Amino acid sequence: MEPMLTRTAARLHGNVPVPGDLGALQDKLLFDRPPVGDRLVKFFVLLFLATVIAAGGLIGNSAAVIIGAMIVAPLMTPMMATSLAIVTGDGANIVRSVVIVVVGVVFVMATAGVIALIAPASELITPEVLARTSPRLLDLVIALAAGAAGAFAIGRADVSDALPGVAIAVSLVPPLAAAGILLVASEPGLAGGAFLLFFTNFVAIVAAGVVLLALMGYGRVARQGEGRAARRAASLVIVIASILIVVPLGITSYTVVMNSTLQQQGSSAVATWLAGSGYHAISVAADNGHISANIGGDGPVPPMAALLADLRRQGASATVSVSVYPEQSLSGSTTP
């Protein structure tokens, strides 16, 4: 088993990692390395600028601007620091890194809320904001892949060019900024969905990072030369930290899968229900056992019983609400 793990680490890392490799990675990621003040200043300055960019892109409904915020945002650093600290059994840096993430989360939401209050926009809840209020199963898969890619790129200096792509792939600051904006807009339910998207990404990134960094051999390097008591203490920290990551990941994964399944069932049932009528589906969403649909058109609305019957046939157990928006056509002329 040990030779196989060593070969795996050598292939993933490029060679068998040595203490110097671990030290270099710790210097790159951990916030207890000097100069501590300078590290924190850089982190929060970049986080503030990323939040301003993200909030502007969300309120202005610009996907390109939001992508720019993803590149600037530094939240991946303390997340990867958490993964490394778990792998090496470093309890102090696990706590320190998680605290920095938590403070960063509050900072982003508060900053985005202030921007929403002063923004000269008539409508805060844009399509780009709404797009970050409901995590999908695809988001979870992307976050797991991005966490593994981030750990691989950070653990190997020769592929560090991939890090900007990792930052673009996974959404961290935008959903937090969306949550802050939605709280200002008095939409706590939607804000909770945006925060769930961030939390799903957070636990998935940390979990995937733990697996990759462990496979790259950094845990074994950290425990070389340690006594039995030190190795036992480090192993206990790793087990406890892993449970604290796996449990919320399992819960959020289950929630995302259930909501995604219910949303698919709802979309299919609504499309069948409206077929042949004067109405079309505008949106269908599912959250915690409730399907909400917005439909537009004119004429008589099909009977609700048909929609509920279709959902029962699919095995869906949910409450359903439908909002009907009659279509209106406006016209005018600027010539007298």
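Taken together, the values in this text are just the output of simple stated rules run on the coordinates, not laboratory data. As the structure is a prediction and not an experimental result, all values here were calculated from the model. Cβ placement follows ideal geometry from the backbone for every residue including glycine, while neighbour counts extend to all protein chains displayed.
Before moving on, here are some points about what is shown:
- Cβ crowding within 10 Å, taken as a proxy for footprinting-reagent exposure, orders Ser331, Ser323 from fewest neighbours to most as Ser331, Ser323.
- Computed from Cα atoms, the angle from the helix 36-59 axis to the main principal axis of the chain rounds to 20 degrees.
- Cα lying deepest toward the dipole's positive end in the chain, options Pro174, Met216, Ile59, charges on Cβ: Met216
- Remark: relative contact order (the chain) = 18 percent; criterion is Cα-Cα distance under 8 angstrom and separation of 6 or more residues.
- The protection proxy used here, the mean number of other Cβ atoms lying within 10 Å of each residue, ranks peptides 312-320, 130-138, 25-33 as follows, highest first: 130-138, 25-33, 312-320.
- Springs between Cα atoms under 10 Å define the GNM used for the chain, and in it the highest mean-square fluctuation of Asp310, Asp90, Asp139 occurs at Asp310.
- Least to most buried among Ile291, Ile243 (fewest other Cβ within 10 Å first): Ile243, Ile291
- For the stretch 2-224, with +1 on Lys and Arg beta carbons and -1 on Asp and Glu, the positive-most of Pro127, Ala207, Leu75 along the dipole: Ala207
- Reducing the stretch 288-308 and the stretch 248-287 to their Cα centroids gives an inter-centroid distance of 12 Å.
- Computed from Cα atoms, the angle from the helix 304-313 axis to the main principal axis of the chain rounds to 40 degrees.
- Highest mean first, the peptides 36-46, 51-61 sorted by other C-beta atoms within 10 Å per residue fall in the order 51-61, 36-46.
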